[in-house]
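Below is one structure; the comments refer to it alone.
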Amino acid sequence: VKGERIKTTVYVMGTKGARVRFNALDPTGSVAADLSCDGSNFAFVDFNRNCELSGPCTKSAIAQLLRVSLEPDDFLMLAVGSSPIIPYDKASVTWNSKSAQEVIELVTEDGSLRQQIVLDGREQRWDVLSSTVWGHDGEVEWKLSNKEFSLQKSEDGVEMRLPAKTRFEQPKEKADLSIRWDERTVNTELDQSKFIMELPGVPAC
């Protein structure tokens with residue numbers, strides 16, 4: 001519902017290629033909503049409203065649960081502290097010695113989109129502190145910010161710095177998503193059948 005704010009626990013798993021699965025829990029710990037993308041199509045069930053949806057797996061499908069429009073692979077980038085990147089034609093990098101930050105500016109070929117990515121250059125960490133995209137009208141299309149990075153080790157032994165908090169905002173849509181990452185397992189084997197969900201055949205949402 002537009003304008004509503006929801007606070008809940010969500011379990012998510014995913015891999016590149018638009019394969020993601022979300023389980024949103026209700027206060028009792030039961031699954032309130034289930035969303036899956038199998039690489040091409042999505043299936044969504046809202047157990048509280050007893051309704052379902054299906055169709056192509058796009059950013060609109062992700063918005064059914066998260067309220068913000070994000071391509072499935074872009075959401076996975078958020079989970080590892082990275083940022084979606086526009087299809088740029090021009091790029092520049094500047095160094096802010098006062099804040100020890102590297103600022104990357106990207107512009108599309110037609111100038112319709114501009115992106116600024118700010119990296120934490122202290123001790124060569126290169127954490128993505130923020131990422132903002134502006135449209136041709138100068139208005140913010142979306143903004144991403146990360147906080148409280150720490151060093152963690154993936155399942156295959158690779159060390160990486162991951163944020164504890166992520167915020168994704170879409171001002172034009174009056175939508176935002178605030179995430180506290182409690183637990184993450186990176187670079188692990190996933191059962192591909194988990195991305196396929198059979199709908200129960202209830203009315204459409």
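For A18, the amide hydrogen comes within under 5 Å of the amide hydrogens of D73, counting only partners 5 or more places away or on other chains and with H modelled in the peptide plane. Under the criterion of Cα pairs below 8 Å and six or more residues apart, the relative contact order for the chain equals 16 percent. Put a dot 7 Å past the Cα of E159, heading toward its Cβ, do the same for D182, and the two dots end up 2.8 nm apart. Structural descriptor for segment 12-114: relative contact order 16 percent, calculated from alpha carbon pairs under 8 angstrom and at least 6 residues apart. If you take the Cα centroid of segment 56-132 and the Cα centroid of segment 168-186, the two points sit 13 Å apart. Calculate how large, on average over all directions, the projected area of the Cα convex hull of segment 112-205 is; give the answer in nm² to one decimal. So the Cα hull casts an average projection of 9.9 nm².
Here the spin labels are modelled as points 7 Å beyond Cα on the Cα-Cβ line, and at V140 and A91 they lie 2.4 nm apart.
Rounded to two decimals, the Cα-based Rg/Rh of the chain, with Kirkwood Rh, is 0.99.
For segment 74-205, the carbon plus sulfur part of the accessible surface works out to 46%, probe radius 1.4 Å. In this structure, the pairs whose alpha-carbon distance is over 25 Å, taken from K16/K165; K90/K165; K7/K59; K147/K174; K98/K143, are K90/K165. Solvent-accessible area per residue in segment 29-93 equals 46 Å², computed with a 1.4 angstrom probe and all protein chains kept. Ranking I86, T8, C37 by Cα position along the charge dipole of segment 1-149, where only Lys, Arg, Asp and Glu carry charges on their C-beta atoms, puts T8 farthest toward the positive end.
Under the classification rounded if a/c is under 1.5, otherwise prolate if a/b is larger than b/c and oblate if not, where does segment 64-164 fall, given a ≥ b ≥ c as square roots of the Cα gyration tensor eigenvalues? Cα axes put segment 64-164 in the oblate bin.
Between K194 and D110, what length in nm is gained on full extension when 0.36 nm per residue of separation is reduced by their alpha carbon distance? Separation in residues times 0.36 nm, less the Cα-Cα distance, equals 26.2 nm. Who wins for biggest fluctuation among V93, V20, V80 in a Gaussian network model of the chain, springs between alpha carbons below 10 Å? Its mean-square fluctuation being the largest, the pick is V93.
The values are calculated or read from the model by the stated rules, or taken from the named source; none is laboratory data. It should be emphasised that the depicted structure is a prediction, and the values quoted were computed from it without experimental measurement. When we count neighbours, we look across all protein chains shown, and the Cβ atoms used for this are built from the backbone with ideal geometry, even at glycine. Ligands, DNA and RNA are stripped out before the accessible areas are found, and what is left, the full protein with its side chains, is counted by its heavy atoms. Shrake-Rupley method; radii C 1.70, N 1.55, O 1.52, S 1.80 Å.
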